[in-house]
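Novice: Dropping the structure in here first, questions after.
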Amino acid sequence: MGSQEDLLHQTMSDHHEPPPPPPPTASSHGIDSRLEKVLSETHLPFLKRLWLASRIELRLLFHLAAPAVMVYLINNAMSLSTRVFAGHLGNLQLAAASLGNSGIQLFAYGLMLGMGSAVETLCGQAYGAHKYEMLGIYLQRSTVVLTLTAIPVMLVYVFSKQILLLLGEPNDVASSASVFVYGLIPQVFAYAVNFPIQKFLQAQSIVAPSAYISATTLVLHLLLSWIAVYKIGMGLIGASLVLSLSWWIIVGAQMVYILMSKKCKETWRGLSLQAFHGLWEFLKLSSASAVMLCLETWYFQILVLIAGLLKDPELALNSLAVCMAILGLLFMVSVGFNAAASVRVSNELGAGHPKSAAFSVLVVTLISFTIAVIEAAVVLALRHVISYAFTAGETVANAVSDLCPFLAVSLILNGVQPVLSGVAVGCGWQAFVAYVNVGCYYVVGIPLGCVLGFKFDLGAKGIWTGMIGGTVMQTLILIWVTFCTDWDQEVEKARKRLDKWDDKKQPLLET
(Lines give C-alpha, C1' and ligand atoms only; values in the text may rest on other atoms or scores of the structure.)
Protein backbone atom coordinates (compact mmCIF):
# COMPACT_ATOMS: atom_id res chain seq x y z
CA MET A 1 0.00 0.00 0.00
CA GLY A 2 3.04 2.25 0.41
CA SER A 3 3.63 2.46 -3.33
CA GLN A 4 0.03 3.43 -3.86
CA GLU A 5 0.43 6.26 -1.38
CA ASP A 6 3.26 7.64 -3.50
CA LEU A 7 1.07 7.77 -6.58
CA LEU A 8 -1.94 9.72 -5.33
CA HIS A 9 -1.51 13.42 -5.78
CA GLN A 10 -2.61 17.05 -5.71
CA THR A 11 -3.01 19.13 -2.61
CA MET A 12 -5.58 20.69 -0.35
CA SER A 13 -5.57 24.43 -0.71
CA ASP A 14 -5.14 24.90 3.05
CA HIS A 15 -5.77 23.27 6.40
CA HIS A 16 -8.60 25.54 7.43
CA GLU A 17 -12.21 24.53 7.29
CA PRO A 18 -13.98 26.35 4.43
CA PRO A 19 -16.89 28.61 5.24
CA PRO A 20 -20.27 26.91 5.38
CA PRO A 21 -21.67 26.55 1.86
CA PRO A 22 -25.34 26.78 0.97
CA PRO A 23 -27.46 23.64 1.29
CA PRO A 24 -25.94 20.95 -0.94
CA THR A 25 -27.34 20.52 -4.40
CA ALA A 26 -26.20 18.64 -7.46
CA SER A 27 -24.72 21.82 -8.84
CA SER A 28 -23.03 23.32 -5.78
CA HIS A 29 -19.28 22.94 -5.51
CA GLY A 30 -17.50 22.16 -2.30
CA ILE A 31 -18.26 19.97 0.70
CA ASP A 32 -20.87 20.99 3.25
CA SER A 33 -19.11 21.62 6.58
CA ARG A 34 -22.27 21.72 8.70
CA LEU A 35 -22.04 18.01 9.55
CA GLU A 36 -18.52 18.39 10.93
CA LYS A 37 -19.60 21.40 13.00
CA VAL A 38 -22.60 19.57 14.46
CA LEU A 39 -20.46 16.57 15.40
CA SER A 40 -17.93 18.92 17.03
CA GLU A 41 -20.53 20.70 19.20
CA THR A 42 -19.74 18.70 22.33
CA HIS A 43 -21.76 21.05 24.56
CA LEU A 44 -24.96 19.77 22.90
CA PRO A 45 -26.66 16.66 24.34
CA PHE A 46 -25.53 13.47 22.59
CA LEU A 47 -28.99 12.54 21.31
CA LYS A 48 -29.55 16.00 19.88
CA ARG A 49 -26.19 15.91 18.12
CA LEU A 50 -27.01 12.44 16.80
CA TRP A 51 -30.39 13.61 15.50
CA LEU A 52 -29.03 16.73 13.81
CA ALA A 53 -26.07 14.88 12.31
CA SER A 54 -28.28 12.06 11.06
CA ARG A 55 -30.60 14.49 9.29
CA ILE A 56 -27.69 16.17 7.52
CA GLU A 57 -25.98 12.90 6.59
CA LEU A 58 -29.14 11.17 5.37
CA ARG A 59 -29.91 14.11 3.12
CA LEU A 60 -26.40 14.04 1.66
CA LEU A 61 -26.39 10.25 1.42
CA PHE A 62 -29.70 9.73 -0.32
CA HIS A 63 -29.08 12.64 -2.66
CA LEU A 64 -26.10 10.58 -3.82
CA ALA A 65 -27.07 6.94 -3.17
CA ALA A 66 -30.61 6.88 -4.60
CA PRO A 67 -29.69 7.81 -8.20
CA ALA A 68 -26.46 5.76 -7.94
CA VAL A 69 -28.49 2.68 -7.02
CA MET A 70 -30.78 3.40 -9.96
CA VAL A 71 -27.84 3.67 -12.35
CA TYR A 72 -26.34 0.34 -11.29
CA LEU A 73 -29.73 -1.40 -11.20
CA ILE A 74 -30.60 -0.23 -14.70
CA ASN A 75 -27.20 -1.13 -16.12
CA ASN A 76 -27.48 -4.59 -14.58
CA ALA A 77 -31.06 -4.88 -15.81
CA MET A 78 -29.80 -4.44 -19.38
CA SER A 79 -27.49 -7.43 -18.97
CA LEU A 80 -30.18 -9.38 -17.13
CA SER A 81 -32.79 -8.70 -19.82
CA THR A 82 -30.35 -9.93 -22.44
CA ARG A 83 -30.08 -13.24 -20.59
CA VAL A 84 -33.86 -13.39 -20.29
CA PHE A 85 -34.20 -13.01 -24.06
CA ALA A 86 -31.60 -15.76 -24.50
CA GLY A 87 -33.33 -18.00 -21.93
CA HIS A 88 -36.59 -17.94 -23.83
CA LEU A 89 -34.75 -19.24 -26.89
CA GLY A 90 -33.99 -22.46 -24.97
CA ASN A 91 -32.09 -23.94 -22.03
CA LEU A 92 -28.86 -24.26 -24.05
CA GLN A 93 -29.02 -20.58 -25.00
CA LEU A 94 -29.68 -19.62 -21.36
CA ALA A 95 -26.69 -21.66 -20.20
CA ALA A 96 -24.53 -20.16 -22.98
CA ALA A 97 -25.51 -16.58 -22.24
CA SER A 98 -25.05 -17.14 -18.50
CA LEU A 99 -21.64 -18.71 -18.97
CA GLY A 100 -20.59 -16.02 -21.42
CA ASN A 101 -21.74 -13.34 -19.00
CA SER A 102 -20.43 -14.87 -15.77
CA GLY A 103 -17.38 -16.56 -17.25
CA ILE A 104 -16.09 -13.95 -19.72
CA GLN A 105 -17.96 -10.64 -19.56
CA LEU A 106 -17.52 -10.23 -15.81
CA PHE A 107 -13.79 -10.70 -16.28
CA ALA A 108 -13.66 -7.46 -18.26
CA TYR A 109 -16.26 -5.77 -16.06
CA GLY A 110 -14.32 -6.53 -12.89
CA LEU A 111 -11.02 -5.44 -14.39
CA MET A 112 -12.32 -2.16 -15.80
CA LEU A 113 -14.42 -1.30 -12.76
CA GLY A 114 -11.47 -2.10 -10.50
CA MET A 115 -9.07 0.06 -12.47
CA GLY A 116 -11.67 2.81 -12.43
CA SER A 117 -11.65 2.87 -8.63
CA ALA A 118 -8.24 4.57 -8.75
CA VAL A 119 -9.79 7.67 -10.30
CA GLU A 120 -12.61 7.34 -7.76
CA THR A 121 -10.17 7.88 -4.88
CA LEU A 122 -8.34 10.69 -6.65
CA CYS A 123 -11.41 12.56 -7.88
CA GLY A 124 -13.24 12.26 -4.56
CA GLN A 125 -10.40 13.60 -2.44
CA ALA A 126 -9.44 16.28 -4.98
CA TYR A 127 -13.04 17.50 -5.07
CA GLY A 128 -13.13 17.71 -1.28
CA ALA A 129 -9.86 19.67 -1.37
CA HIS A 130 -11.27 22.14 -3.97
CA LYS A 131 -8.79 21.02 -6.65
CA TYR A 132 -11.56 21.01 -9.23
CA GLU A 133 -9.38 21.30 -12.32
CA MET A 134 -7.67 17.99 -11.51
CA LEU A 135 -10.87 15.96 -11.85
CA GLY A 136 -10.87 16.41 -15.62
CA ILE A 137 -7.20 15.43 -15.77
CA TYR A 138 -7.85 12.25 -13.79
CA LEU A 139 -10.80 11.43 -16.05
CA GLN A 140 -8.72 11.71 -19.20
CA ARG A 141 -5.74 9.85 -17.75
CA SER A 142 -7.91 6.99 -16.55
CA THR A 143 -9.66 6.74 -19.92
CA VAL A 144 -6.32 6.45 -21.73
CA VAL A 145 -5.08 3.74 -19.36
CA LEU A 146 -8.31 1.73 -19.48
CA THR A 147 -8.56 1.93 -23.27
CA LEU A 148 -5.04 0.58 -23.65
CA THR A 149 -5.90 -2.18 -21.19
CA ALA A 150 -9.01 -3.10 -23.19
CA ILE A 151 -6.90 -4.19 -26.18
CA PRO A 152 -5.35 -7.30 -24.54
CA VAL A 153 -8.64 -7.98 -22.72
CA MET A 154 -10.30 -8.24 -26.12
CA LEU A 155 -8.16 -11.30 -26.84
CA VAL A 156 -9.92 -13.15 -24.02
CA TYR A 157 -13.19 -12.59 -25.89
CA VAL A 158 -11.70 -13.68 -29.23
CA PHE A 159 -10.43 -16.97 -27.77
CA SER A 160 -13.36 -17.49 -25.39
CA LYS A 161 -14.32 -20.90 -26.81
CA GLN A 162 -10.84 -22.31 -26.36
CA ILE A 163 -10.63 -20.86 -22.85
CA LEU A 164 -13.98 -22.36 -21.80
CA LEU A 165 -13.06 -25.74 -23.25
CA LEU A 166 -9.74 -25.61 -21.42
CA LEU A 167 -11.67 -24.98 -18.20
CA GLY A 168 -13.64 -28.17 -18.84
CA GLU A 169 -16.95 -26.72 -20.03
CA PRO A 170 -19.11 -28.88 -22.38
CA ASN A 171 -18.41 -28.32 -26.09
CA ASP A 172 -21.95 -27.31 -27.06
CA VAL A 173 -22.23 -24.81 -24.20
CA ALA A 174 -18.76 -23.38 -24.88
CA SER A 175 -19.49 -22.98 -28.60
CA SER A 176 -22.77 -21.17 -28.01
CA ALA A 177 -21.22 -19.03 -25.26
CA SER A 178 -18.42 -17.91 -27.58
CA VAL A 179 -20.96 -16.73 -30.16
CA PHE A 180 -22.64 -14.66 -27.44
CA VAL A 181 -19.28 -13.28 -26.28
CA TYR A 182 -18.17 -12.17 -29.76
CA GLY A 183 -21.00 -9.65 -29.78
CA LEU A 184 -19.77 -8.18 -26.48
CA ILE A 185 -16.33 -7.12 -27.78
CA PRO A 186 -17.43 -3.49 -28.39
CA GLN A 187 -18.72 -3.41 -24.81
CA VAL A 188 -15.16 -3.81 -23.48
CA PHE A 189 -14.16 -0.43 -24.93
CA ALA A 190 -17.39 1.13 -23.69
CA TYR A 191 -16.39 0.03 -20.17
CA ALA A 192 -13.01 1.75 -20.66
CA VAL A 193 -14.72 5.08 -21.22
CA ASN A 194 -17.79 4.68 -19.03
CA PHE A 195 -16.20 3.90 -15.68
CA PRO A 196 -13.88 6.95 -15.58
CA ILE A 197 -16.83 9.15 -16.59
CA GLN A 198 -18.98 7.52 -13.94
CA LYS A 199 -16.43 8.12 -11.17
CA PHE A 200 -15.79 11.68 -12.39
CA LEU A 201 -19.49 12.54 -12.05
CA GLN A 202 -20.00 10.64 -8.78
CA ALA A 203 -17.15 12.49 -7.10
CA GLN A 204 -19.16 15.69 -7.61
CA SER A 205 -22.44 14.05 -6.50
CA ILE A 206 -23.73 14.41 -10.07
CA VAL A 207 -25.57 11.11 -10.40
CA ALA A 208 -29.16 11.92 -11.39
CA PRO A 209 -28.32 12.71 -15.06
CA SER A 210 -26.65 9.30 -15.40
CA ALA A 211 -29.77 7.69 -13.95
CA TYR A 212 -32.01 9.41 -16.51
CA ILE A 213 -29.66 8.43 -19.32
CA SER A 214 -29.56 4.80 -18.17
CA ALA A 215 -33.35 4.60 -17.78
CA THR A 216 -33.92 5.93 -21.30
CA THR A 217 -31.31 3.56 -22.70
CA LEU A 218 -32.93 0.57 -20.96
CA VAL A 219 -36.23 1.22 -22.76
CA LEU A 220 -34.39 1.49 -26.07
CA HIS A 221 -32.37 -1.64 -25.23
CA LEU A 222 -35.49 -3.75 -24.62
CA LEU A 223 -37.03 -2.63 -27.90
CA LEU A 224 -33.87 -3.27 -29.93
CA SER A 225 -33.32 -6.65 -28.25
CA TRP A 226 -36.86 -7.76 -29.09
CA ILE A 227 -36.36 -6.73 -32.72
CA ALA A 228 -32.90 -8.33 -33.04
CA VAL A 229 -33.72 -11.63 -31.31
CA TYR A 230 -37.29 -12.32 -32.36
CA LYS A 231 -38.13 -10.21 -35.42
CA ILE A 232 -34.83 -10.41 -37.28
CA GLY A 233 -33.88 -13.78 -35.78
CA MET A 234 -30.28 -12.92 -34.93
CA GLY A 235 -30.34 -15.13 -31.82
CA LEU A 236 -27.50 -14.98 -29.30
CA ILE A 237 -25.22 -12.75 -31.38
CA GLY A 238 -28.03 -10.25 -31.88
CA ALA A 239 -28.76 -10.08 -28.14
CA SER A 240 -25.12 -9.40 -27.25
CA LEU A 241 -24.58 -6.86 -30.05
CA VAL A 242 -27.58 -4.86 -28.84
CA LEU A 243 -26.14 -4.93 -25.30
CA SER A 244 -22.85 -3.51 -26.58
CA LEU A 245 -24.69 -0.81 -28.52
CA SER A 246 -26.69 0.16 -25.42
CA TRP A 247 -23.51 0.70 -23.40
CA TRP A 248 -22.10 2.97 -26.11
CA ILE A 249 -25.31 4.98 -26.11
CA ILE A 250 -24.85 5.56 -22.36
CA VAL A 251 -21.23 6.58 -22.88
CA GLY A 252 -22.08 9.01 -25.67
CA ALA A 253 -24.91 10.64 -23.74
CA GLN A 254 -22.75 11.14 -20.64
CA MET A 255 -19.96 12.67 -22.70
CA VAL A 256 -22.42 15.14 -24.22
CA TYR A 257 -23.66 15.99 -20.73
CA ILE A 258 -20.14 16.74 -19.45
CA LEU A 259 -19.38 18.98 -22.42
CA MET A 260 -22.68 20.86 -22.30
CA SER A 261 -23.54 21.07 -18.59
CA LYS A 262 -22.68 24.10 -16.47
CA LYS A 263 -22.32 21.76 -13.48
CA CYS A 264 -19.07 20.40 -14.92
CA LYS A 265 -17.70 23.78 -15.96
CA GLU A 266 -15.19 23.96 -13.09
CA THR A 267 -14.11 20.31 -13.26
CA TRP A 268 -13.94 19.87 -17.05
CA ARG A 269 -11.69 22.47 -18.65
CA GLY A 270 -10.94 20.73 -21.91
CA LEU A 271 -8.40 18.20 -23.11
CA SER A 272 -5.03 18.39 -21.43
CA LEU A 273 -1.53 17.17 -22.24
CA GLN A 274 -1.24 16.32 -18.55
CA ALA A 275 -3.51 13.35 -19.23
CA PHE A 276 -0.53 11.68 -20.92
CA HIS A 277 1.87 12.53 -18.10
CA GLY A 278 2.79 9.75 -15.69
CA LEU A 279 0.72 7.06 -17.43
CA TRP A 280 2.95 4.28 -16.12
CA GLU A 281 2.56 5.45 -12.53
CA PHE A 282 -1.17 5.81 -13.03
CA LEU A 283 -1.31 2.30 -14.53
CA LYS A 284 0.37 0.90 -11.41
CA LEU A 285 -2.09 2.73 -9.21
CA SER A 286 -5.02 1.51 -11.31
CA SER A 287 -3.66 -2.03 -11.21
CA ALA A 288 -3.53 -1.99 -7.42
CA SER A 289 -7.13 -0.83 -7.37
CA ALA A 290 -8.11 -3.42 -9.98
CA VAL A 291 -6.68 -6.28 -7.95
CA MET A 292 -8.92 -5.38 -5.02
CA LEU A 293 -12.19 -5.15 -6.93
CA CYS A 294 -11.41 -7.87 -9.47
CA LEU A 295 -10.91 -10.39 -6.71
CA GLU A 296 -14.37 -9.50 -5.42
CA THR A 297 -16.11 -9.40 -8.81
CA TRP A 298 -14.58 -12.65 -9.99
CA TYR A 299 -15.33 -14.49 -6.76
CA PHE A 300 -18.87 -15.58 -7.57
CA GLN A 301 -17.99 -15.76 -11.24
CA ILE A 302 -15.70 -18.66 -10.31
CA LEU A 303 -18.66 -20.34 -8.58
CA VAL A 304 -20.45 -20.53 -11.94
CA LEU A 305 -17.36 -21.86 -13.69
CA ILE A 306 -16.86 -24.56 -11.07
CA ALA A 307 -20.55 -25.50 -11.27
CA GLY A 308 -19.99 -26.35 -14.93
CA LEU A 309 -17.81 -29.25 -13.74
CA LEU A 310 -20.54 -30.88 -11.62
CA LYS A 311 -22.34 -34.10 -12.58
CA ASP A 312 -25.33 -32.33 -14.18
CA PRO A 313 -23.68 -29.14 -15.50
CA GLU A 314 -26.67 -27.78 -17.43
CA LEU A 315 -29.00 -27.95 -14.42
CA ALA A 316 -26.31 -26.56 -12.10
CA LEU A 317 -25.51 -23.72 -14.49
CA ASN A 318 -29.15 -22.84 -15.09
CA SER A 319 -30.12 -22.85 -11.40
CA LEU A 320 -27.03 -20.89 -10.42
CA ALA A 321 -27.58 -18.55 -13.36
CA VAL A 322 -31.01 -17.64 -12.02
CA CYS A 323 -29.65 -17.12 -8.49
CA MET A 324 -26.66 -15.15 -9.73
CA ALA A 325 -28.94 -12.99 -11.87
CA ILE A 326 -31.07 -12.17 -8.81
CA LEU A 327 -28.00 -11.68 -6.64
CA GLY A 328 -26.40 -9.50 -9.31
CA LEU A 329 -29.52 -7.38 -9.69
CA LEU A 330 -29.94 -6.79 -5.95
CA PHE A 331 -26.18 -6.46 -5.54
CA MET A 332 -26.47 -3.29 -7.59
CA VAL A 333 -28.26 -1.71 -4.60
CA SER A 334 -25.19 -2.44 -2.50
CA VAL A 335 -22.93 -1.17 -5.28
CA GLY A 336 -24.89 2.09 -5.22
CA PHE A 337 -24.20 2.41 -1.51
CA ASN A 338 -20.60 1.38 -2.20
CA ALA A 339 -20.32 4.40 -4.51
CA ALA A 340 -22.03 6.62 -1.95
CA ALA A 341 -19.67 5.48 0.82
CA SER A 342 -16.62 6.03 -1.37
CA VAL A 343 -17.68 9.52 -2.43
CA ARG A 344 -18.79 10.62 1.04
CA VAL A 345 -15.61 9.37 2.73
CA SER A 346 -13.18 10.65 0.08
CA ASN A 347 -14.91 14.05 -0.09
CA GLU A 348 -14.87 14.48 3.69
CA LEU A 349 -11.25 13.35 4.01
CA GLY A 350 -10.20 15.73 1.23
CA ALA A 351 -12.07 18.54 2.98
CA GLY A 352 -10.37 17.76 6.32
CA HIS A 353 -13.49 16.49 8.14
CA PRO A 354 -12.55 13.35 10.13
CA LYS A 355 -15.71 13.21 12.24
CA SER A 356 -17.93 13.51 9.19
CA ALA A 357 -16.06 10.71 7.42
CA ALA A 358 -16.47 8.37 10.38
CA PHE A 359 -20.14 9.25 10.83
CA SER A 360 -20.83 8.70 7.12
CA VAL A 361 -19.37 5.20 7.34
CA LEU A 362 -21.70 4.33 10.21
CA VAL A 363 -24.85 5.70 8.58
CA VAL A 364 -24.34 4.23 5.12
CA THR A 365 -23.51 0.80 6.55
CA LEU A 366 -26.63 0.69 8.73
CA ILE A 367 -28.90 1.81 5.87
CA SER A 368 -27.42 -0.67 3.41
CA PHE A 369 -27.63 -3.56 5.90
CA THR A 370 -31.29 -2.82 6.65
CA ILE A 371 -32.19 -2.83 2.95
CA ALA A 372 -30.27 -6.09 2.44
CA VAL A 373 -32.24 -7.84 5.19
CA ILE A 374 -35.50 -6.78 3.53
CA GLU A 375 -34.25 -8.09 0.16
CA ALA A 376 -33.35 -11.44 1.71
CA ALA A 377 -36.79 -11.78 3.28
CA VAL A 378 -38.51 -11.07 -0.05
CA VAL A 379 -36.35 -13.63 -1.88
CA LEU A 380 -37.17 -16.33 0.67
CA ALA A 381 -40.87 -15.53 0.44
CA LEU A 382 -40.80 -15.90 -3.37
CA ARG A 383 -38.35 -18.81 -3.54
CA HIS A 384 -40.80 -21.22 -5.25
CA VAL A 385 -41.82 -18.90 -8.10
CA ILE A 386 -38.89 -16.60 -8.65
CA SER A 387 -37.20 -18.69 -11.36
CA TYR A 388 -40.17 -18.61 -13.75
CA ALA A 389 -39.18 -15.11 -14.81
CA PHE A 390 -36.16 -16.72 -16.50
CA THR A 391 -37.31 -20.15 -17.63
CA ALA A 392 -40.45 -22.29 -17.63
CA GLY A 393 -38.61 -25.46 -16.56
CA GLU A 394 -39.93 -27.01 -13.34
CA THR A 395 -36.66 -28.83 -12.68
CA VAL A 396 -34.71 -25.56 -12.71
CA ALA A 397 -37.37 -23.94 -10.52
CA ASN A 398 -36.99 -26.63 -7.85
CA ALA A 399 -33.19 -26.33 -7.95
CA VAL A 400 -33.43 -22.56 -7.56
CA SER A 401 -35.79 -22.96 -4.60
CA ASP A 402 -33.22 -25.17 -2.84
CA LEU A 403 -30.49 -22.55 -3.38
CA CYS A 404 -32.55 -19.56 -2.20
CA PRO A 405 -31.44 -19.79 1.49
CA PHE A 406 -27.83 -19.47 0.31
CA LEU A 407 -28.88 -16.56 -1.87
CA ALA A 408 -30.53 -14.87 1.13
CA VAL A 409 -27.37 -15.17 3.25
CA SER A 410 -25.27 -13.74 0.42
CA LEU A 411 -27.67 -10.81 0.09
CA ILE A 412 -27.35 -9.98 3.79
CA LEU A 413 -23.55 -10.09 3.59
CA ASN A 414 -23.72 -7.85 0.54
CA GLY A 415 -25.45 -5.28 2.71
CA VAL A 416 -22.18 -4.73 4.58
CA GLN A 417 -19.18 -5.94 2.58
CA PRO A 418 -19.53 -3.71 -0.53
CA VAL A 419 -20.09 -0.63 1.63
CA LEU A 420 -16.89 -1.29 3.55
CA SER A 421 -15.09 -1.83 0.25
CA GLY A 422 -16.37 1.60 -0.78
CA VAL A 423 -14.92 3.04 2.43
CA ALA A 424 -11.60 1.40 1.51
CA VAL A 425 -11.66 3.05 -1.92
CA GLY A 426 -12.51 6.42 -0.38
CA CYS A 427 -9.56 6.10 2.01
CA GLY A 428 -7.15 4.64 -0.55
CA TRP A 429 -6.80 1.22 1.14
CA GLN A 430 -7.14 -0.79 -2.08
CA ALA A 431 -3.79 -2.59 -1.82
CA PHE A 432 -4.42 -3.71 1.77
CA VAL A 433 -7.92 -4.98 0.96
CA ALA A 434 -6.51 -6.85 -2.05
CA TYR A 435 -4.36 -8.95 0.32
CA VAL A 436 -7.38 -9.58 2.52
CA ASN A 437 -9.41 -10.68 -0.49
CA VAL A 438 -6.73 -13.10 -1.67
CA GLY A 439 -6.62 -14.79 1.72
CA CYS A 440 -10.35 -14.91 2.42
CA TYR A 441 -11.65 -15.65 -1.05
CA TYR A 442 -8.99 -17.70 -2.77
CA VAL A 443 -7.16 -19.39 0.11
CA VAL A 444 -10.26 -20.15 2.18
CA GLY A 445 -13.53 -19.67 0.26
CA ILE A 446 -12.93 -21.38 -3.08
CA PRO A 447 -10.94 -24.40 -1.76
CA LEU A 448 -13.54 -24.93 0.96
CA GLY A 449 -16.31 -24.76 -1.63
CA CYS A 450 -14.58 -27.30 -3.88
CA VAL A 451 -14.12 -29.70 -0.98
CA LEU A 452 -17.77 -29.44 0.06
CA GLY A 453 -19.06 -29.53 -3.51
CA PHE A 454 -17.00 -32.43 -4.88
CA LYS A 455 -15.48 -34.37 -1.96
CA PHE A 456 -18.67 -34.36 0.14
CA ASP A 457 -20.90 -34.43 -2.96
CA LEU A 458 -22.94 -31.38 -1.90
CA GLY A 459 -22.90 -29.96 -5.43
CA ALA A 460 -23.79 -26.32 -5.94
CA LYS A 461 -24.82 -25.98 -2.29
CA GLY A 462 -21.38 -27.03 -1.13
CA ILE A 463 -19.58 -24.70 -3.52
CA TRP A 464 -21.75 -21.78 -2.41
CA THR A 465 -21.27 -22.62 1.29
CA GLY A 466 -17.51 -22.31 0.89
CA MET A 467 -17.92 -19.02 -0.94
CA ILE A 468 -20.09 -17.67 1.88
CA GLY A 469 -17.43 -18.70 4.42
CA GLY A 470 -14.80 -16.64 2.63
CA THR A 471 -17.12 -13.63 2.40
CA VAL A 472 -17.93 -13.82 6.14
CA MET A 473 -14.21 -13.83 7.00
CA GLN A 474 -13.49 -10.88 4.71
CA THR A 475 -16.44 -8.87 6.07
CA LEU A 476 -15.36 -9.39 9.68
CA ILE A 477 -11.83 -8.22 8.89
CA LEU A 478 -13.10 -5.08 7.14
CA ILE A 479 -15.43 -4.31 10.05
CA TRP A 480 -12.54 -4.58 12.50
CA VAL A 481 -10.16 -2.45 10.40
CA THR A 482 -12.80 0.25 9.87
CA PHE A 483 -13.71 0.26 13.56
CA CYS A 484 -10.05 0.75 14.54
CA THR A 485 -9.38 3.53 12.00
CA ASP A 486 -7.92 6.82 13.25
CA TRP A 487 -9.82 9.27 11.04
CA ASP A 488 -7.59 12.21 11.95
CA GLN A 489 -4.67 10.25 10.52
CA GLU A 490 -6.69 9.45 7.40
CA VAL A 491 -7.26 13.18 6.85
CA GLU A 492 -3.52 13.78 7.09
CA LYS A 493 -2.82 10.90 4.69
CA ALA A 494 -5.29 12.36 2.22
CA ARG A 495 -3.55 15.72 2.43
CA LYS A 496 -0.16 14.13 1.75
CA ARG A 497 -1.55 12.13 -1.18
CA LEU A 498 -2.94 15.25 -2.77
CA ASP A 499 0.40 17.04 -2.24
CA LYS A 500 2.39 14.58 -4.35
CA TRP A 501 1.85 15.89 -7.86
CA ASP A 502 0.92 19.50 -7.12
CA ASP A 503 3.89 20.83 -9.10
CA LYS A 504 3.05 18.93 -12.28
CA LYS A 505 1.36 21.44 -14.55
CA GLN A 506 0.62 21.00 -18.23
CA PRO A 507 -1.13 23.33 -20.69
CA LEU A 508 -4.68 22.72 -21.82
CA LEU A 509 -5.58 21.97 -25.41
CA GLU A 510 -8.42 23.84 -27.03
CA THR A 511 -11.71 21.88 -27.27
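The values are calculated or read from the model by the stated rules, or taken from the named source; none is laboratory data. Treat the numbers as computed from the prediction; the structure is a model and nothing was measured. All Cβ positions, glycine included, derive from the backbone under ideal geometry; neighbour counts span all protein chains shown. Surface accessibility is based on the protein's heavy atoms, side chains included, excluding ligands, DNA and RNA. Shrake-Rupley method; radii C 1.70, N 1.55, O 1.52, S 1.80 Å.
Novice: State the dimensionless ratio Rg/Rh of the chain (Rg: radius of gyration of Cα atoms; Rh: Kirkwood radius). It would help to have the intermediate numbers written out before the result.
Specialist: On the way: Rg = 22.5 Å, Rh = 23.2 Å.
Radius of gyration over Kirkwood radius for the chain works out to 0.97.
Novice: Okay, next question. Please work out the Cα center distance from region 404-476 to region 82-117, rounded to the nearest Å.
Specialist: Here the answer is 20 Å between Cα centres.
Novice: If you don't mind, another one. Along the charge dipole of the chain, which of Leu155, Phe456, Ala372 sits closest to the positive end, that is, farthest toward it, with unit charges on the beta carbon of Lys, Arg, Asp and Glu (+1, +1, -1, -1)?
Specialist: So the residue furthest toward the plus end is Ala372.
Novice: So how do His43, His221, His88, His63 rank on accessible area, 1.4 Å probe, biggest first, that is with the largest at the start? Mind dumping the intermediate values first?
Specialist: Working: His43 140, His221 0, His88 110, His63 75 Å².
Largest to smallest exposure gives the sequence His43, His88, His63, His221.
Novice: Got a sec to turn the phi values of region 157-162 into Karplus ³J(HN,Hα) couplings, 6.51 cos²θ - 1.76 cosθ + 1.60 with θ = phi - 60°, whole Hz, x for Gly and Pro?
Specialist: With the stated coefficients, region 157-162 comes to 5, 4, 9, 4, 4, 4 Hz.
Novice: At a 10 angstrom cut-off on C-beta neighbours, averaged per residue, how do the peptides 313-322, 115-124, 377-386 rank from highest to lowest? Kindly include the intermediate steps, with their values, before the conclusion.
Specialist: Working: 313-322: 24.0, 115-124: 29.9, 377-386: 14.8.
Highest-to-lowest ranking by the protection proxy: 115-124, 313-322, 377-386.
Novice: Check Ser272: other-chain or 5+ apart residues with amide H under 5 Å from its amide H, H built from backbone geometry?
Specialist: HN-HN under 5 Å from Ser272: Leu509.
Novice: I'd like the Karplus ³J(HN,Hα) series for region 51-61: coefficients 6.51, -1.76, 1.60, θ = phi - 60°, whole numbers in Hz, and an x wherever there's a Gly or Pro.
Specialist: Listing the rounded values in order: 5, 5, 5, 5, 4, 5, 5, 4, 5, 5, 5 Hz.
Novice: Can you list the HN-Hα couplings for region 412-424, worked out from phi with the Karplus curve (6.51, -1.76, 1.60; θ = phi - 60°), rounded to whole Hz and with x for Gly and Pro?
Specialist: 3J(HN,Hα) across region 412-424, in whole Hz: 5, 4, 5, x, 10, 4, x, 5, 5, 5, x, 4, 4.
Novice: Take every Cα pair under 8 Å in the chain that's 6+ residues apart, average their separations, divide by the length, and report that relative contact order as a whole percent. Spell out each step's value before the answer.
Specialist: Values: 836 pairs, mean separation 130.0, N = 511.
Answer for the chain is 25 percent.
Novice: When the accessible area of the chain is computed with all protein chains present and a 1.4 Å probe, what percentage of it is carbon and sulfur?
Specialist: Numbers: 13750 of 19630 Å².
Ligands and nucleic acids excluded, carbon and sulfur give 70 percent.
Novice: Next question, about the same structure. Return the whole-Å distance between the Cα centroid of region 120-160 and the Cα centroid of region 342-392.
Specialist: 25
Novice: Based on Cβ point charges of +1 for Lys and Arg and -1 for Asp and Glu, what charge dipole magnitude is obtained for the chain about its Cα centre, in debye rounded to the nearest 20? Before the final figure, lay out the partial values.
Specialist: On the way: 30 positive and 30 negative charges, 128 e Å.
For this selection, approximately 620 debye.
Novice: What's the ranking of 400-408, 138-146 by average number of surrounding C-beta atoms within 10 Å, highest first? Can you show the working numbers first?
Specialist: Working: 400-408: 19.4, 138-146: 24.6.
Highest mean packing first, the order is 138-146, 400-408.
Novice: Measure up Lys131/Lys284; Lys131/Lys263; Lys131/Lys496; Lys161/Lys461; Lys231/Lys311; Lys37/Lys265 against 25 Å on the Cα-Cα distance and list the ones that go over.
Specialist: Lys161/Lys461; Lys231/Lys311; Lys37/Lys265
Novice: How much area per residue is accessible in region 39-150 when the probe is 1.4 Å and only protein heavy atoms are counted (Å²)? Display every interim value, and only then the final one.
Specialist: On the way: 3470 Å² over 112 residues.
In whole numbers, region 39-150 has 31 Å² accessible per residue.
Novice: Relative to the present Cα-Cα distance, how much length would full extension add between Lys461 and Met255 at 0.36 nm per residue of separation?
Specialist: 69.8 nm
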